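No value in this document is a laboratory result; all are computed from the given coordinates. These numbers were taken from a predicted model, which means no experiment stands behind them. All Cβ positions, glycine included, derive from the backbone under ideal geometry; neighbour counts span all protein chains shown.
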Amino acid sequence: MNTLKTNIMKKVRVTKTLIHHVGYHFSMLTLFSLTLFTLLSGCGADNSPTNTTETVQGGKAGPVSADNSSANTTETAQGGEAGPVAADNSPTNTTETAQGGEAGPVAVQPPPAPGTLPGVFLLAFHACDTQSTNCFNPQNHSTYLAHSDDGASWTPLPNFTTFSGSVPDLIRRGDKVYVYNPGRVRRYTISTQTMDTGVAVSMRTRTGAIEHFVDPAPYLDPSTNKIILFYLSSTGVIGDPAQCTTCPMRSATEVEGSDGTQFVVDSGDRILVARGTDPDIFFDGTRYIMYISEGASVRVATSPVLQGSYTLVSTLPGGLLTNTGGVPAGHYDPATAQYWTYLHTPDNPSVIKRAIHPDFSRTLTESDFLTVVAGATFTGLGASYVVQSPGFTVNQ
């Protein structure tokens, strides 16, 4: 009897052991199945708008959006802590962590930053060799660019190739310098140090009529970041526009997205003068100054509004600033509270000179001017070269 009892107890213990092992394996199989089901059901479709999580090589998981989701996401690579990473089509800012670093903000790719260009100031002018060609023909003029830190000593702009063009003027906007000649603009990209071959400038009235123009002078309106082009209108003129007896100085506003090539004429004239060409515009902190060339002389007009009506300054007889030369360019230097007036002289060969003066209280004489660019001293030119038509801008 005792033997039978002992055998029964052994069988019970064996049965319990078998049940324990079977139950353990059944539990592990069930857990594996549940885990597999969870993983499969947790993988969102590519177009799912819901956030999910993802961990790569041991990193802490954060939400990861589907490809077309507009929500912020996170991504972790090689053990780094996750921060938000924008989906492919997301416009939001993102962060990214790689190789164990902590996540920080990574901005959406901005436009290329402006490159570097030597000099505080830039100058455009045309030159011509009187010994080899007829310099009275504008088609024989070549455009040059120079830079300076003080407005007096000018050096050729590096990596710039001169091109055929007369009466140039220029303006810088971001990574580009826009160089205007009559009817055409060339754009120098600073970051790549390349100049395009030039594009024709289109100008129309608000009704769509073609506006003909000469002597373009660009000004960058800081309130809109658009180029405002001042010019002498030649619409309806037969012959030389410079021989006008009623000369309308006008302005036109750059068409959005045209990159300096298309303009719409602003309403009205900026000023009507009996004789005048080659307007130039600058700001002195309180008002806009317009220089107007009249042969070998310069007149000055002002306006409180960039695209408003300009009137000749009353402190000068007929607004006459000087009769030392023409085709001027102006600048107001806020550091010294002085005006800089550039022009080219009627000498043979002509040179570019500058006068520095505190106001427009008197007419400037020849003794007020000093030569700043001459063919005899400018690199690449020579004593027989005329240098004319200065165009000035601040290099920023």
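Side notes on the structure shown:
- Charge context of residue 366, other residues only, Cβ under 13 angstrom, K/R +1, D/E -1: 0
- Neighbour cut-off at most 12 other Cβ (10 Å), DSSP loop, chymotrypsin sites (Phe, Trp or Tyr not before Pro), region 109-200: 136
- Only Cα sites of region 121-394 enter the Debye sum here, all with the same form factor; the resulting log10 I(q)/I(0) across q = 0.10, 0.11 1/Å is -0.46, -0.57, listed in q order.
- Cβ-to-Cβ counts within 10 Å put 289, 227 in ascending order as 289, 227, the fewest first.
- Of the trypsin sites (Lys or Arg not before Pro) found in region 323-384, those in coil by DSSP whose Cβ has at most 16 other Cβ atoms within 10 Å are 362.
- Close amide H partners of residue 165, meaning residues 5 or more places away or on another chain with modelled amide H under 5 Å apart, are 141, 142, 143.
- Residues whose amide H lies under 5 Å from that of residue 373, counting only those 5 or more places away or on a different chain, are 352; hydrogens are built 1.01 Å from N in the peptide plane.
- For region 157-280, taking the reciprocal of the average inverse distance between every pair of different Cα atoms yields a Kirkwood hydrodynamic radius of 15.0 Å.
- Filtered trypsin sites (Lys or Arg not before Pro), region 124-221: DSSP coil and at most 16 other beta carbons within 10 Å: 206
- Total formal charge among the other residues, if their Cβ is under 14 angstrom from that of residue 294, Lys/Arg +1 and Asp/Glu -1: -1
- Sequentially through region 156-173, phi angles give Karplus couplings (6.51, -1.76, 1.60; θ = phi - 60°) of x, 5, x, 6, 10, 9, 4, 9, 5, x, 10, 5, x, 8, 8, 8, 9, 9 Hz, Gly and Pro residues having no value and appearing as x.
- Per residue, the convex hull spanned by the Cα atoms of region 135-214 amounts to 135 cubic angstrom.
- Region 182-198 versus region 245-296: alpha-carbon centroid distance in Å: 22 Å
- Orientation-averaged projection of region 263-349 equals 6.9 nm² [convex hull of Cα atoms, one quarter of hull surface area].
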